[in-house]
1. Just checking, does the range 249-258 include any residue being part of a strand (DSSP E or B) and open to solvent by 10 Å² or more (accessible area, probe 1.4 Å)?
2. I'm trying to understand the selection: among the residues of the range 210-235, which are closer than 30 Å to THR82 by Cβ and surrounded by fewer than 24 Cβ atoms within 10 Å (Cβ to Cβ)?
3. Could you check the range 1-111 for helices (runs of 4 or more DSSP H) lying wholly inside it with 3 or more residues that are open to solvent by less than 40 Å² (accessible area, probe 1.4 Å) and either without any contact (Cβ under 8 Å) to a residue 40 or more places away in the chain or in contact with a helix residue (DSSP H, G or I) (Cβ under 9 Å, 6 or more places away or on another chain) (or both)?
4. Is it the case that some residue within the range 354-368 is of a type in the set (S, T, N, Q) and in a strand (DSSP E or B)?
5. Please go through the range 376-425 and give me each residue that is at pLDDT below 90 and within 19 Å of ILE294 (Cα to Cα), ordered by number.
6. Mind listing whichever residues of the range 353-410 are under 22 Å from PRO210 (Cβ atoms), open to solvent by 50 Å² or more (accessible area, probe 1.4 Å) and of a type in the set (Gly, Ala, Ser)?
7. In this structure, is GLY283 open to solvent by less than 30 Å² (accessible area, probe 1.4 Å) and in contact (Cβ under 8 Å) with a residue 12 or more places away in the chain?
8. Using the structure shown, decide if LEU313 is open to solvent by 40 Å² or more (accessible area, probe 1.4 Å) and aliphatic (A, V, I, L, M).
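The values are calculated or read from the model by the stated rules, or taken from the named source; none is laboratory data. Not measured: the values here are computed from a predicted model. Because the Cβ atoms are built from the backbone with ideal geometry, glycine has one as well, and the counts that use them run over all protein chains shown. Quick note on the areas: whole protein, heavy atoms, side chains included, nothing else; ligands and nucleic acids left out. Shrake-Rupley method; radii C 1.70, N 1.55, O 1.52, S 1.80 Å.
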Amino acid sequence: MTTSQIDYAALFAATPSPCLVLGPDLVIVDANRAYCRATGRSRAHLVGQYVFDAFPDNPADPDADGVRTLNASLHRVLSSRTQDPMALQKYDIPLVHRPGRFEERWWSTINTPVLGVDGSVAWILHRVEDVTAFVRARRTQLRMTGGNLSEREEGMESELYARARELQRLNEELRQAHARERQVAVTLQEAMLHSPDLAGHRDIAVRYLPAIGSLNVCGDWYDVVDLPGNGFAVAVGDVVGHGLEAATVMGMLRSALSAATRAVEGPAKALEVLGLYARSVEGALATTAIKVMINVGAHRITYSSAGHPPPVLLHPDGTCDLLDRATDPPLGARPDHVARPEAQLSYGAGDTLVLYTDGLIERRGEDIDAGLARLTDALARVSRLSPERLADALLARLGVSAGARDDIALVVVRLGGVAAPPPAR
C-alpha cells in the first residue's frame, strides 16, 4: 500500500491516545474517539467550539489554573512553531449532564504544531493522557495505610511531583531568558540598521524580524537615503549566512552602498561600486541587494537589482507590478566588472512600493513563483491600509508575524503622498 492510499482520518480517529486538533484560533477542528471517551463528549459537541468555552476552569476551585497554563502553552506553540510538553496538571472538566458541576481530572499533555506549506502553524495537535486514576489510586492507598506509605513509595511520589514542578519552572525560566536574549538581539540589529534620513519620511514603514530560533544578529538590511533635489533612495540587502560575521559584513556593505548612493548617479552605478567593494570583503560574495531611487516631482522610480527578489509596486485597486526588468547576478558573481542594468517606471498617487528580503516569501521545497503569488495576493487585500498597518497585516497574512526560518527585512513606502525630503547636506 502506498502512502497516498492511507486513510489518515481513520488513523486519527482510531489513535488510542486522546487527541484534539485545534486551529490557530484555538477552535476545535477535530476530536478522536479516545478523546471523546476520556471527556464524555461527542465529536459533534466539541467540533467548532473555542477550546476554553468547551473546557473552562472549575469556578468552585479557587486554585484552578488549567485555562491559564494551557493557553500559555498553545500560544508558545503558535509563536515558536515547536512542540510544547506540559507538566502534570489538574484540569477539571464540566459534567455533560450536570450543568455547573465539574469532575476532578489530572492530565499529562503535549501540544504539537502542524505546519502548512507556507511554514505557518495550520493546526495544533493537542494530545493528552488522563492520569486521574493514578492520582486517585495513590490517595486511596494513602488512606488505607493510615497515611503511611513506605519510605521508597513516598520518595518516588515526591520526586515525581517535584520533577514535574521543577520542569515547569525551568521551562518558564528558559522561555523568559530566550525572550530577553532575542529582544537584545533585535535591539542590536535595529541599532545597526539606524537610518537618520528615515525619520523624515512618515509614509515609510520598516520591519526587521530575526529567524526563528536565532538569537544572533544577521545579514539582512534596509536603508533610506535622501538625495539632492526632490527625491530619495531605498535599499534592501541580504548577506549569506547568520550570526556576527554576517552582521559585520552587512554593516560594511550597507555603509558602502549608502555612500555610493550619495556619490554616483543612479542605482545601477551605486550597485557597481558596491560590487567592486564587495570583492575585497570576506564573506560579501553572493550578497543580494536592490536599490530603488524615487523622483517625487516626476513620479518616477528607477531601480537596479543584484540578484534580489523583485520589489512590488502596489496600486490602490489591489493590482501589482513586479520590478523585475533590471535584474543581474548577486555581488561578486562575475569574475569581471560588467555594467549593471537599470529600469524605470512611473507611479501614481497612492501607490505603495514594497521591498523585502527572501525570508518573507521563500518556503522550503517551494518555487519562488509560488511565494511571489502569495505575496501579491496578500498585498491586494491590504492595499488601502496605511504603511504601518499594511506592514503588520502583510506579515500576519503570510504567517510570519513571529518570524520565519530566515530573517526578514521589510520596507513599505507610500508614494504620491510622500513629502519631499529636506535638501541633502
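1. For the range 249-258, residues part of a strand (DSSP E or B) and open to solvent by 10 Å² or more (accessible area, probe 1.4 Å): absent.
2. Within the range 210-235, PRO210, ALA211, ILE212, GLY213, SER214, LEU215, ASN216, TYR222 qualify.
3. 33-39, 51-54, 66-80
4. no
5. Across the range 376-425, the qualifying residues are GLY416, GLY417, VAL418, ALA419, ALA420, PRO421, PRO422, PRO423, ALA424, ARG425.
6. Matches in the range 353-410: ALA396, SER401.
7. no
8. Criteria not met by LEU313.
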